[in-house]
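Sharing a structure with you now.
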Amino acid sequence: MRVYLGNCEHGECGIETTLIDCCEEELAVGDIVSTATKDKFGIMSFYGLSVVVDDRPDLYGATMKNNPFIMGLAEVDVNNDEGWNIKKVKSWEDVVDGEHWKDFGFNYKI
């Protein structure tokens, strides 16, 4: 199974990453996560759902980079940024072929 943003593939589901969520659960490519921030007063702001994706290899044969990130947070170190709260809500193992999260911009295909 692969995860897509629109028609563009962004990773093979199940690839292990070094990302962990707020409950110390390891994340893999294809996992669906909730994204929120916590301000200095402890107030949480929910930003919706996202998905763990991977940088894709150059289609012309360059070496594949394994640089997973949360869609929309590519420049945020979610393991060390105290302001972000990332929580796995659905494992890639539980998604089905054709599953489409239209409101959040990602889908799954075999």
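In region 93-108, is there at least one residue being at pLDDT 95 or above, more than 18 Å from residue 9 (Cα to Cα) and not β-branched (Val, Ile, Thr)?
Yes, because at least one residue in region 93-108 is at pLDDT 95 or above, more than 18 Å from residue 9 (Cα to Cα) and not β-branched (Val, Ile, Thr).
I need every pair where a residue in region 91-110 that is more than 11 Å from residue 2 (Cβ to Cβ) has its Cβ under 6 Å from the Cβ of a residue that is acidic (Asp, Glu) and surrounded by 13 or more Cβ atoms within 10 Å (Cβ to Cβ), sequence separation at least 6 or different chains.
Taking only residues 6 or more apart or on different chains, the pairs are 91/31.
Let me ask another. Using the structure shown, decide if residue 48 is free of Cβ contacts under 8 Å to residues at least 12 places away in the same chain and either assigned to a loop (DSSP other than H, G, I, E, B) or surrounded by fewer than 16 Cβ atoms within 10 Å (Cβ to Cβ) (or both).
Judged against the criteria, residue 48 is not a match.
Now for a separate question. If you go through region 69-80 one residue at a time, do you hit one that is surrounded by fewer than 19 Cβ atoms within 10 Å (Cβ to Cβ) and part of a strand (DSSP E or B)?
No; the residues of region 69-80 include none that is surrounded by fewer than 19 Cβ atoms within 10 Å (Cβ to Cβ) and part of a strand (DSSP E or B).
Taking the conditions exactly as written (in a strand (DSSP E or B) and in contact with a His (Cβ under 7 Å, 6 or more places away or on another chain)), does residue 4 satisfy them or not?
The answer is yes for residue 4.
Where residues in region 19-45 are of a type in the set (Asp, Glu), more than 11 Å from the chain's Cα centre (by Cα) and under 25 Å from residue 55 (Cα atoms), which of them is surrounded by the most Cβ atoms within 10 Å (Cβ to Cβ)? Reasoning before the result, please.
The initial filter retains those residues of region 19-45 that are of a type in the set (Asp, Glu), namely 21, 24-26, 31, 39.
Subsequent filtering for residues that are more than 11 Å from the chain's Cα centre (by Cα) retains 24-26, 39.
Still in the list and also under 25 Å from residue 55 (Cα atoms): 24-26.
On the way: 24: 6, 25: 14, 26: 12.
Taking the candidates together, the pick is 25.
To continue, here is another question. Looking only at region 7-45, which residues are modelled with pLDDT of 90 or more and not in a strand (DSSP E or B)?
13, 14, 15, 21, 22, 23, 24, 25, 29, 30, 31 - these are the residues of region 7-45 that are modelled with pLDDT of 90 or more and not in a strand (DSSP E or B).
The values are calculated or read from the model by the stated rules, or taken from the named source; none is laboratory data. All figures in this text were calculated on a predicted structure; none of them were measured in a lab. Glycine also receives a Cβ, built like all others from the backbone with ideal geometry; neighbour counts cover every protein chain displayed.
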